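Just so you know, all these numbers are worked out from the coordinates, no wet-lab data involved. The structure presented is a predicted model; accordingly, all values stated were derived computationally and were not measured. All Cβ positions, even for glycine, are placed from backbone atoms using ideal geometry, and neighbour counts span all protein chains on display.
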């Protein structure tokens with residue numbers, strides 16, 4: 001398993017695409033830093049209250065995180081989708097799996113290697129963005145480790161799903177389906193937000209079930225709420241307490257993900273990887 | 001199933017069905033240590049399927065057997081098997097030496113001693129100068145040479161090569177024959193899957209001819225080729241005339257050459273005299289075995305005739 005993980009990391013490091021992504025992330029962070037710097041200095045010269053500036057920056061940061069979580073999900077899908085399918089299609093798997101290695105070890109090795117790459121890329125880029133924003137604007141989110149961990153876990157969830165699909169589908173199919181499921185899960189979360197707004201006025205209508213089902217099928221949206229929660233200033237969370245409409249904002253979270261949800265996320269990944277191992281074991285090469 | 005000592009592959013009635021297609025129907029064969037065993041058959045005969053079953057890459061739907069004394073597909077047995085797949089690729093971004101290193105890792109080969117072992121393997125397959133080159137830049141022939149090298153990493157007790165020379169030029173093919181012989185000489189069993197008859201004829205100690213998933217002939221080259229046959233190049237012979245030679249052996253006439261199977265060498269002059277007496281002109285007489293190609297075609301056609309009937 002470790003051999004395969006090392007091989008996978010080596011593969012990613014030698015492929016140009018990952019370095020292009022890293023370069024793009026650095027460039028995006030640099031541009032964001034420059035933009036926020038301009039915005040903050042303009043606001044300060046015009047005499048805007050510091051609290052308002054901090055709130056504005058936190059909202060921009062959340063919006064950037066939203067964009068980046070999508071990029072990370074896409075990266076995870078397109079790292080995972082070809083990982084098994086390409087090896088099988090090209091005959092690489094024939095040479096590898098004729099060796100005394102369990103198919104499940106090969107699969108876990110692939111997962112582990114890609115997970116290391118993904119977490120390094122995702123958490124690294126996000127940390128850089130938070131540090132740059134903090135430096136130019138003075139706004140540091142109340143939690144840094146939390147949002148990074150949730151963001152990285154989102155990537156791992158999509159990675160696991162795409163690896164499962166990769167044991168049976170061609171790379172493009174596995175990648176596309178992973179992204180679509182990810183999108184649907186986010187949409188289910190958004191519908192739930194709308195539902196909360198409706199329920200606040202009319203308690204008979206309850207759309208929360210949509211979000212709950214969405215999160216159960218793919219836990220990415222719940223994790224995304226965790227990212228938001230960690231990035232918002234504590235004062236906003238305190239101000240929103242008790243207001244049912246606050247939860248309706250898709251870019252706002254009143255609470256971090258529950259322990260139950262986090263346990264489910266772990267169980268979900270184990271289930272998906274177990275299914276992937278069964279699927280690969282039964283596959284004829 | 002109890003396997004007698006020295007048998008590296010011992011399978012009985014091995015079957016594989018893909019949906020409605022019966023790819024292998026009752027394969028029975030044995031391969032011993034220290035021999036090169038040719039597995040010969042037309043395209044689609046089930047050769048590659050058989051190899052995949054032996055390695056556990058594909059699951060059998062029937063039959064049983066052992067490889068290196070362990071049940072088919074056993075993981076530990078695979079530690080001592082080197083395999084060159086028919087259609088394969090190595091990670092294009094790895095260098096040749098790194099490919100060898102990866103496979104050495106997978107079989108748990110100790111780190112010490114790898115360098116000289118890899119040098120020897122690369123030398124053997126003619127890639128001594130290319131150890132540091134990325135595999136992505138290799139020609140098909142070089143990939144195949146490296147594939148053979150990978151199959152030899154760790155001195156396996158069983159080397160399975162599936163069409164190892166399909167991308168090689170005549171020099172490469174000759175090199176491969178030398179490599180196979182040296183593997184045999186150190187005591188390994190070699191299973192050579194091929195549809196190249198001359199290759200099998202030149203290098204194999206024993207062979208099996210397989211068609212439509214069953215072995216239709218098995219044994220040493222001599223056993224499979226069977227009787228000796230005498231070929232006489234003639235002019236002016238009519239088929240009824242050829243039939244009159246039946247008392248000497250089993251005649252067969254293709255319009256140009258007359259073949260007589262089981263003709264004792266001492267009777268050759270009498271046959272020639274008989275032909276001359278019939279007014280036939282005799283140009284050439286050659287005594288020897290039937291070629292493997294002729295025997296192969298005869299066996300496969302015969303088998304297909306039987307199955308059709």
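By what distance, in whole Å, do the Cα atoms of the protein assembly as shown stretch along each of the three principal axes, largest value first?
Largest to smallest, the principal-axis extents are 126, 57, 48 Å.
Quick one: Debye curve from the C-alpha atoms of chain A, no solvent, what's log10 I(q)/I(0) at q = 0.09, 0.11, 0.12, 0.13 Å⁻¹?
Debye output, listed in q order: -0.48, -0.69, -0.80, -0.91.
Among the DSSP beta bridges whose two residues both lie in the protein assembly as shown, what percent are antiparallel, rounded to the nearest 5?
Given both bridge residues lie in the protein assembly as shown, the antiparallel proportion sits at roughly 70 percent.
Can you put A:261, B:39 in order of Cβ neighbours within 10 angstrom, beginning with the fewest?
Details: A:261 18, B:39 29.
Placing the least packed residue first, the sequence is A:261, B:39.
Starting from the exponent 0.38 and prefactor 2.2 Å, build the expected Rg for region B:162-212 from its residue count and divide its actual Cα Rg by it.
Values: Rg = 11.0 Å, N = 51, 2.2 N^0.38 = 9.8 Å.
Taking the Cα Rg and dividing by 2.2 N^0.38 Å, one obtains 1.12.
Fewest first, what order do A:274, B:66, B:61, A:45 take by the number of other Cβ atoms within 10 Å?
Numbers: A:274 12, B:66 20, B:61 15, A:45 8.
The order, fewest Cβ neighbours first, is A:45, A:274, B:61, B:66.
Over the Cα atoms of region B:227-289, Rg to Rh with Kirkwood Rh, two decimal places?
Answer for region B:227-289: 0.90.
For B:283, B:195, what's the fewest-to-most ordering of other Cβ within 10 Å of each Cβ? Spell out each step's value before the answer.
Details: B:283 10, B:195 16.
The order, fewest Cβ neighbours first, is B:283, B:195.
With axes computed from alpha carbons, what is the tilt in degrees of helix B:96-106 against the longest principal axis of chain B, rounded to the nearest 10 within 0 to 90?
With both axes taken from Cα atoms, the answer is about 80 degrees.
Hey, what angle do you get for helix B:268-277 against the long axis of chain B, alpha-carbon based, 0 to 90 degrees rounded to 10?
In chain B, helix B:268-277 runs at an angle near 50 degrees to the longest axis.
Rounded to the nearest Å, what's the spacing between the alpha carbon centres of region B:207-247 and region A:61-98? Just the number, please.
First find each Cα centre; the distance between them is then 58 Å.
How far is helix A:259-282 tilted, in degrees, relative to the longest principal axis of the Cα atoms in chain A, given as a value from 0 to 90 rounded to the nearest 10?
20 degrees
In a Gaussian network model over chain A where Cα atoms closer than 10 Å are linked, find which of A:173, A:80, A:155 has the largest mean-square fluctuation.
Evaluated over chain A, the most mobile residue of the options is A:173.
Only helical DSSP H runs with n ≥ 4 go in: add -39500 (n - 2.57) per run for chain A, normalise by residue count and round the 222 nm mean residue ellipticity to 500 deg cm²/dmol. Spell out each step's value before the answer.
Values: 11 runs with 231 residues, N = 285.
One gets -28000 deg cm²/dmol as the mean residue ellipticity at 222 nm.
Would you give the gap between the C-alpha center of region B:108-133 and the C-alpha center of region B:267-307, rounded to a whole Å?
What the calculation gives is 49 Å, centre to centre.
Using the alpha-carbon centroid of each, what span in Å lies between region A:158-230 and region B:159-196?
So the separation of the two Cα centres works out to 55 Å.
I need the fraction of alpha carbon pairs in chain B separated by more than 33 Å, rounded to a whole percent. Don't jump to the answer; show the numbers that get you there.
On the way: 17490 of 47586 pairs.
Result: 37 percent of Cα pairs exceed 33 Å.
For chain B, what does -39500 (n - 2.57) per DSSP helix run (n ≥ 4), summed and divided by total residues, give at 222 nm, in deg cm²/dmol to the nearest 500? Let's see the in-between values first.
Numbers: 11 runs with 108 residues, N = 309.
-10000 deg cm²/dmol, from helical runs alone.
Please build a GNM for chain B, connecting alpha carbons under 10 Å apart, and tell me which residue among B:291, B:139, B:25 fluctuates the most.
Comparing B:291, B:139, B:25 in the GNM, the peak value goes to B:139.
If you build a Gaussian network model of chain B, linking Cα atoms that sit under 10 Å apart, which residue out of B:137, B:277, B:187 swings the most?
B:277
Express as a percent, rounded to the nearest 5, the fraction of DSSP beta bridges in chain B (both residues included) that run antiparallel. It would help to have the intermediate numbers written out before the result.
On the way: 40 of 58 bridges.
Just about 70 percent of them are antiparallel.
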